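Take a look at the structure set out below.
Bear in mind that the values in this text are calculations on the coordinates, not laboratory data. Note that the structure is predicted; figures quoted are calculated from it, not measured. Cβ placement follows ideal geometry from the backbone for every residue including glycine, while neighbour counts extend to all protein chains displayed.
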Amino acid sequence: MTGRDTSARTGSAGRLTGMAAVVTGGGSGIGRAVIARYVDEGANVSVLERDADRARLLTDAYGDRVVVTVGDVREPDAHATAVSAAVDHYGRVDVYVGNAGIYDFGRGLERMSPEQIIAGFSEIFEVNVLGYLLGARAAIGPLRESSGTIIFTVSSSGTFAGGGGSLYVASKHAVSGLVKQLAHELAPDIRVNGVAPGASRTQLSGVAALESDRRTLSGESDLLDVIARQLPLGFVSEPEDHAGLYVTLADARDSRFMTGVVIASDGGLGVGPPRAPVTPQSSPRPQAPGASSR
Ligand SMILES: NC(=O)c1ccc[n+]([C@@H]2O[C@H](COP(=O)([O-])OP(=O)(O)OC[C@H]3O[C@@H](n4cnc5c(N)ncnc54)[C@H](O)[C@@H]3O)[C@@H](O)[C@H]2O)c1
């Protein structure tokens with residue numbers, strides 16, 4: 001929220017105390033890490049997730065701090081239900097996080113038939129782009145009331161080539177455009193920003209039309225090792241590495257002058273390849289102050 005409407009926020013424990021968020025694709029990966037962090041910071045969360053098992057695990061983990069709608073982001077009614085659930089349970093929507101997405105595993109144009117291009121394009125754009133548009137549309141009313149904020153999970157593929165195939169990269173460039181256009185349209189009431197993760201060890205899955213929907217990114221350890229070697233910081237991220245950025249963009253005390261911005265969290269892709277060979281390593285965690293470096 002922008003800080004103009006804080007009347008319904010109560011308590012002082014976390015940075016987001018008293019706020020309510022809607023998060024799509026919160027059953028796994030980055031969305032799940034954002035939910036964990038939002039709850040930790042005092043927010044309640046309405047989740048739209050297509051996987052019923054993941055939805056149940058969320059409810060088990062967070063009880064009444066989370067309400068889950070099982071549904072598909074391609075369906076307008078699913079978004080309406082998730083937004084209504086936030087209003088019914090928590091009385092407001094301060095943050096809408098469009099996050100559910102699928103990946104093409106770098107499928108080259110020449111490796112797709114025209115029929116696969118058409119079907120793959122529809123599937124990936126409907127989930128990655130239309131899903132965000134429909135969700136934002138459903139949330140605008142309550143977001144205006146709270147002077148709230150929209151956050152989209154973009155990707156390094158929203159800026160750079162080579163991290164996916166043409167379908168995925170085009171879909172994420174489209175999301176970069178949405179961040180700018182919606183920031184323009186919805187100002188000054190609603191801020192619209194994005195987070196652009198680079199490679200992250202998640203269950204990010206493929207496209208049914210390309211018969212890759214059973215593949216997951218975390219199952220491709222060779223690919224992740226190659227990516228890690230190409231990054232200046234030398235490791236592939238974990239979903240939790242990005243979650244704090246969604247807190248900062250949700251909390252107007254830290255970001256009320258930001259709209260139309262996409263924050264990169266990508267291991268340094270923008271500064272080029274590593275200067276010296278980097279040995280792939282598991283993500284080094286920040287050390288607590290005073291902790292031993294060994
Ligand atoms: N993992 C990465 O390396 C990476 C990098 C950059 C950007 N991203 C983006 O992050 C976002 C989250 O992906 P992730 O890596 O956490 O993957 P993930 O698969 O672990 O999580 C995505 C969640 O979205 C759900 N989902 C997928 N399609 C859906 C649909 N049609 N309707 C409702 N729910 C649906 C899945 O069931 C899953 O729980 C995506 O937009 C992805 O493009 C991921």
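What to note about this one:
- Summed residue charge, Cβ within 10 Å of T202's Cβ, Lys/Arg positive, Asp/Glu negative: +1
- Of the two radii for the range 20-267, the radius of gyration is 0.95 times the Kirkwood radius, both from the alpha carbons; that is the Rg over Rh value.
- Gain upon complete extension [I117, A161; 0.36 nm per residue less C-alpha separation]: 14.0 nm
- Over the C-alpha trace of the range 1-124, radius of gyration and Dmax come out as 17.0, 57 angstrom.
- Working note: 222 nm ellipticity from helices only, DSSP H runs with n ≥ 4, each -39,500 (n - 2.57), summed and divided by the residues of the chain, gives -12000 deg cm²/dmol to the nearest 500.
- For the pair E240 and V261, the difference between a 0.36 nm per residue extended length and the Cα-Cα distance amounts to 5.5 nm.
- Each peptide in 122-132, 223-233 was scored by the mean count of other Cβ atoms within 10 Å over its residues; highest first, the order is 122-132, 223-233.
- For V45, the residues whose amide H sits under 5 Å from its own are A21, V66, V67, ignoring neighbours fewer than 5 places away on the same chain, with H placed 1.01 Å from N.
- Separation of the range 74-101 and the range 164-180, taken as the distance between their Cα centroids, equals 23 angstrom.
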